[in-house]
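Asker: This is the structure, below, for whatever I ask next.
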Amino acid sequence: MKRVIERAHVTKTGAILLGDNVACDAFEATRPLRVVTHAHADHLGGLRKSVKCCEKVLMTPATRDLAETLNDNLKLRGEKIKTLQYGKTIKYGDEKITLHKADHILGAAQVLVEDAGGIRIAYSGDFRVENTPVVDCDVLVVEATYGKPSCRRNFEVDVKELLVSMVERRLRGGTVYLFGFHGKLQEVMQTLRQSDVEVPFVMPERVYEVSKVCEKHGMNLGCMSLSTSKEGQELLEGNLPCVAFYHVNQRQHVGLRNARICVSGWEFQTACRQIGDREYLVALSDHSDFDGLIEYVRRSKAKQVITDNYRSQGNVLAGEIVKRLGISAVPMPRGKGQTTL
Ligand SMILES: [Zn+2]
């Protein structure tokens, strides 16, 4: 067991170390390979430094495009950048590295390192269990965003169907404003299009650019206009039937007199809740809830689990894995708001 547990580690700066050569999602000077699991900011730590100092920086092509779009002046085109499709393996020394799909945002990946002794060391990255293939492994580093037993979404309705019907109903009164994070906004756009919502989508420049990257990588988002363009302004100022997509940080600034819907993962009581005069919160998440995390760990058949205690509070999840599954589990890094196991 000792040999197995030493094969993975989470550093105090949030680097997920797998095997001998790989550091995921933060810069680590001792590792020649950096992997970027997806384009969210808390997984891009020290990326410029990694590009400078590491031998190779690995990610999916979609993550490369998204990370560049979301970060001004970040260039991921040099010879050190190696884009890798899901399921393709590269070798480094005695180790094999493979990225597997994670259902989270466009381009998101899980990472599997197989060492010379055949030990399989995996990192889930951020994921939703429903459409994420479970990676069989000996050692697993797992995200812990909703790692407390209170973080369960046992809703009786299909959240996406509910969201579509809410948007359709409110479009009869004019423009509907929809707020969320990058990546999730585009998932909502795709869900609406798949449900035959055909009104124009209007959005500011950054949301538009992210949406174009999503279309380049296979999503179909239909008619989109910039909020600063002539058509976009006509739609918004005329309160015409369209959906306006904004990053959640614009919530206090736009669409204050319109129907408004925010999508958020931090809601467990009900699938939909009124939070303002014409404003609703819909519980749409791109992470597994507590039950999903436990289910993933169980199906991975890992003998040793490390919970990510850098990006979230992994101590509770580690304790629950020990208790419910009888699998050895520890939070890393140690010493961040944790209880003794
Ligand atoms: Zn994420």
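Asker: Determine the sum of side-chain charges near Arg324: Lys and Arg each +1, Asp and Glu each -1, restricted to other residues whose C-beta is under 14 angstrom from that of Arg324.
Answerer: In short, +2.
Asker: Could you tell me the relative contact order of the chain? Use alpha-carbon pairs under 8 Å, at least six residues apart, and round to a whole percent.
Answerer: Computed value for the chain: 18 percent relative contact order.
Asker: Each residue of the stretch 294-304 in turn: what ³J(HN,Hα) in whole Hz from Karplus with 6.51, -1.76, 1.60 and θ = phi - 60°, glycine and Pro shown as x?
Answerer: Working through the residues one at a time gives 4, 4, 4, 4, 4, 6, 6, 6, 4, 8, 9 Hz.
Asker: Pairing the Cα long axis of helix 314-325 with the longest principal axis of the chain, what angle in degrees results, from 0 to 90 and rounded to the nearest 10?
Answerer: Between helix and principal axis, roughly 70 degrees.
Asker: In what sequence, highest mean first, do 98-105, 33-40 appear when ranked by Cβ atoms within 10 angstrom?
Answerer: 33-40, 98-105
Asker: Let me ask something else. What is the local net charge at Leu99, summed over the other residues whose Cβ is closer than 11 Å to its Cβ (Lys, Arg +1; Asp, Glu -1)?
Answerer: Net charge in that neighbourhood comes out at +3.
Asker: Now, a different point. Among DSSP beta bridges whose residues both lie in the chain, state the antiparallel percentage, nearest 5.
Answerer: Of those bridges, close to 40 percent are antiparallel.
Asker: Along the charge dipole of the chain, Cβ charges K/R +1 and D/E -1, which of Gln250, Gly238, Val305 sits furthest on the positive end?
Answerer: Ranked along the dipole, the leading option is Val305.
Asker: Mind checking which of Arg298, Arg273, Arg257 has the largest fluctuation in a GNM of the chain, springs on alpha carbons under 10 Å?
Answerer: Checking each option, the largest mean-square fluctuation is seen for Arg257.
Asker: Under unit Cβ charges (Lys, Arg +1; Asp, Glu -1), what dipole magnitude, rounded to 20 debye, does the chain have relative to its Cα centre? Before the final figure, lay out the partial values.
Answerer: Numbers: 48 positive and 42 negative charges, 175 e Å.
In total the dipole reaches around 840 debye.
Asker: What are the equivalent ellipsoid semi-axes of the stretch 39-104, built from the alpha-carbon gyration tensor (square roots of five times its eigenvalues), in whole angstrom, biggest first?
Answerer: 20, 16, 10
Asker: Taking Lys88 as the anchor, which lysines have their alpha carbon closer than 17 Å to its alpha carbon, excluding any fewer than eight residues away along the same chain?
Answerer: Qualifying lysines at Cα under 17 Å: Lys56, Lys96, Lys101.
Asker: Still on this structure, please answer the following. Test of understanding: in a Gaussian network model of the chain with alpha carbons linked when under 10 Å, which of Leu58, Leu162, Leu47 would top the mean-square fluctuation ranking?
Answerer: Evaluated over the chain, the most mobile residue of the options is Leu162.
Asker: Next question, about the same structure. Only bridges with both residues in the stretch 191-295 count here: give the DSSP antiparallel percent, nearest 5.
Answerer: Antiparallel bridges: around 30 percent, rounded to the nearest 5.
Asker: Something else about it: State whether the stretch 58-178 is rounded, prolate or oblate according to the following rule on the C-alpha gyration tensor (a ≥ b ≥ c being the square roots of its eigenvalues): a/c under 1.5 gives rounded; otherwise a/b larger than b/c gives prolate, and the remaining case gives oblate.
Answerer: Oblate.
Asker: Now for a different question. If Rh is defined by the Kirkwood formula over all Cα pairs and Rg also comes from Cα, what ratio Rg/Rh do you get for the chain?
Answerer: 1.00
Asker: Plugging the Kirkwood radius over Cα pairs into Stokes-Einstein for the stretch 190-341, at a temperature of 25 °C and a viscosity of 0.890 mPa s, what D comes out in µm²/s? All intermediate terms of the calculation are to be shown ahead of the outcome.
Answerer: Values: Rh = 18.8 Å.
D = 130 µm²/s.
Asker: Just from its helices, what would the mean residue ellipticity at 222 nm be for the chain, if runs of 4 or more DSSP H residues each count -39500 (n - 2.57) and the sum is divided by every residue, rounded to the nearest 500 deg cm²/dmol?
Answerer: Values: 9 runs with 88 residues, N = 341.
It lands at -7500 deg cm²/dmol.
Asker: Sort 311-318, 170-177, 110-117 by the packing proxy (mean of other Cβ within 10 Å over each peptide's residues), most packed first.
Answerer: 311-318, 110-117, 170-177
Asker: If you don't mind, another one. With everything on Cα atoms, drop me the angle between helix 184-194 and the longest principal axis of the chain, reported from 0 to 90° to the nearest 10.
Answerer: 60 degrees
Asker: Any number yet on Rg/Rh for the stretch 152-252, C-alpha, Kirkwood?
Answerer: Using only Cα positions, Rg/Rh for the stretch 152-252 is 0.96.
Asker: Something else: Tally Lys/Arg at +1 and Asp/Glu at -1 over every other residue whose Cβ is under 12 Å from the Cβ of Lys52; what's the total? Could you put the intermediate results ahead of the total?
Answerer: Working: positive: Arg34, Arg48, Lys49, Lys75, Lys80; negative: Glu55.
In short, +4.
Asker: What share of the DSSP beta bridges in the stretch 70-219 is antiparallel, in percent to the nearest 5?
Answerer: Looking only at bridges with both residues in the stretch 70-219, the antiparallel portion is about 80 percent.
Asker: Sticking with this structure for a sec: Which of the three applies to the stretch 205-276, rounded, prolate or oblate, going by the alpha-carbon gyration tensor with a ≥ b ≥ c and a/c under 1.5 meaning rounded?
Answerer: oblate
Asker: Does anyone have the angle between helix 61-70 and the longest principal axis of the chain? Alpha-carbon axes, 0 to 90°, nearest 10?
Answerer: That works out to roughly 60 degrees.
Any read-out appearing in this document is the output of simple, stated calculations on the displayed coordinates, not a laboratory observation. Since this is a predicted model, take the numbers as computed values, not measurements. As a convention, Cβ positions derive from the backbone with ideal geometry for all residues, glycine included, and neighbour counts pool all protein chains shown.
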